[in-house]
Amino acid sequence: MAKTAQPVSASQWFLGALSLPRKWRVGPGPIIAAIVLTVIVLSAIFAPYYVPFDPMHMESTKRLQPPGGEYILGTDPFGRDMFSRVVTGGRISLLIGIGAAVISVFFGLLIGLVAGFFRMADAIIMRIMDSLMSIPAILLAIALVSLSGASVGSVIIAITIPEIPRVVRLVRSVVLSAREEPYVEAATALGSSMPKILTKHLMPNTMAPLIVQGTYICASAILIEAILSFLGAGVSTETPTWGNIMAEGRDYFQINPGLIFWPGLMLSLCILSINLIGDTARDLLDPRLKKREA
């Protein structure tokens, strides 16, 4: 006797419609990381509309207030609201991280395409990149900020320059492999122009690894910015960033540990979330790293 079809509820149908193919399914870790990162980003973007106090306003009579009451996370050594500063500090840190990632990927892609496709330019470009990579990123960033002055733009440039060689090496390795493929040789034989070959046939092969590399650069840039600010070599000390907030509170840690804990927690959650998302993107975009069922 034939079985009758069981009715499907609206919720079951909706969840089934949203279900992803098996190869695109991820564990709870990346999903939680994406939610945490979304909350951090949105809270930083809309901070001016909901923070209770001006993060720059000083109240000398309310220095080092404990958490509670009108000050959710207490106040800093200058009487400024910690909650407002920690939330607002994410704006500059995220701006520097995203800016450094975008600029590094853009210039690294252009230089890497040239280095990977043109053999004569390869040797010269890669020697320059190797020279830049031989200098520790922190030391190079401190030197560049010291020469150009403390500002958001100078910090982004100082972080970007050490990251570009890593992107160049990645793109170059992909192009060296792709330019030997039959479809590239066929395009060359048919007389396609060099710009067309680079943009239409070679550049698409670099997109997946560049997306992954961009996430790592963003996390690294946020961390480097915090280190520079903590050392006093980042943006202006008056500007609320996670590194500046921790630098101002290190002398008062025993009185109020939250001066270090809260900005450090936000920094850690942000970097951890970006790295988890980057690892997941790498696994999904590169099938060689993880065998998955179709």
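The values are calculated or read from the model by the stated rules, or taken from the named source; none is laboratory data. This one's a predicted model, so the numbers in the text were calculated from it and none came from an experiment. Counting neighbours? That spans all protein chains shown, and the Cβs are built from the backbone with ideal geometry, glycine included.
Of all residues in the range 50-90 being more than 13 Å from P263 (Cβ to Cβ) and in a helix (DSSP H, G or I), which is modelled with the highest pLDDT?
Checking each candidate, the answer is Y50.
Picking from A208, A233, A221, which residue would you name as being closer than 30 Å to P66 by Cα and modelled with pLDDT of 75 or more?
A233
Go through (1) exposed (fewer than 11 other Cβ atoms within 10 Å of the Cβ); (2) hydrophobic (A, V, I, L, M, F, W, C); (3) at pLDDT 70 or above for V175 and report which single condition fails.
That leaves (1) as the condition not met.
Take I125 and decide whether it is closer than 30 Å to V235 by Cβ and not small (G, A, S).
no
What number of residues in the range 128-150 are assigned to a helix (DSSP H, G or I) and surrounded by 11 or more Cβ atoms within 10 Å (Cβ to Cβ)?
Qualifying residue count, the range 128-150: 15.
Given the options G116, G108, G74, G99, name the one that is within 23 Å of V168 (Cα to Cα) and more than 23 Å from the chain's Cα centre (by Cα).
Step by step, each of G116, G108, G74, G99 is checked, and only G116 is within 23 Å of V168 (Cα to Cα) and more than 23 Å from the chain's Cα centre (by Cα).
Looking at the range 104-127 only, could you name the residues that are of a type in the set (V, I, T) and surrounded by fewer than 20 Cβ atoms within 10 Å (Cβ to Cβ)?
If the condition is that a residue be of a type in the set (V, I, T) and surrounded by fewer than 20 Cβ atoms within 10 Å (Cβ to Cβ), then V114, I124, I125 are the ones that fit.
Considering only the range 103-111, I want to know if a residue exists there that is assigned to a loop (DSSP other than H, G, I, E, B) and in contact (Cβ under 8 Å) with a residue 24 or more places away in the chain.
No, every residue in the range 103-111 fails to be assigned to a loop (DSSP other than H, G, I, E, B) and in contact (Cβ under 8 Å) with a residue 24 or more places away in the chain.
For residues that are assigned to a loop (DSSP other than H, G, I, E, B) and hydrophobic (A, V, I, L, M, F, W, C), scanning just the range 200-241, find the one that is surrounded by the most Cβ atoms within 10 Å (Cβ to Cβ).
Top of the filtered list is V235.
Residue pairs, Cβ under 8 Å, 6 or more apart or interchain, first in the range 242-259 and farther than 17 Å from L228 by Cβ, second surrounded by 13 or more Cβ atoms within 10 Å (Cβ to Cβ) and of a type in the set (S, T, Y). List them.
Going by the 8 Å Cβ cut-off, the qualifying pairs are L259/Y252.
Tally time: how many residues in the range 148-173 are touching a residue at least 60 places away in the same chain (Cβ under 8 Å) and in contact with a Pro (Cβ under 9 Å, 6 or more places away or on another chain)?
2
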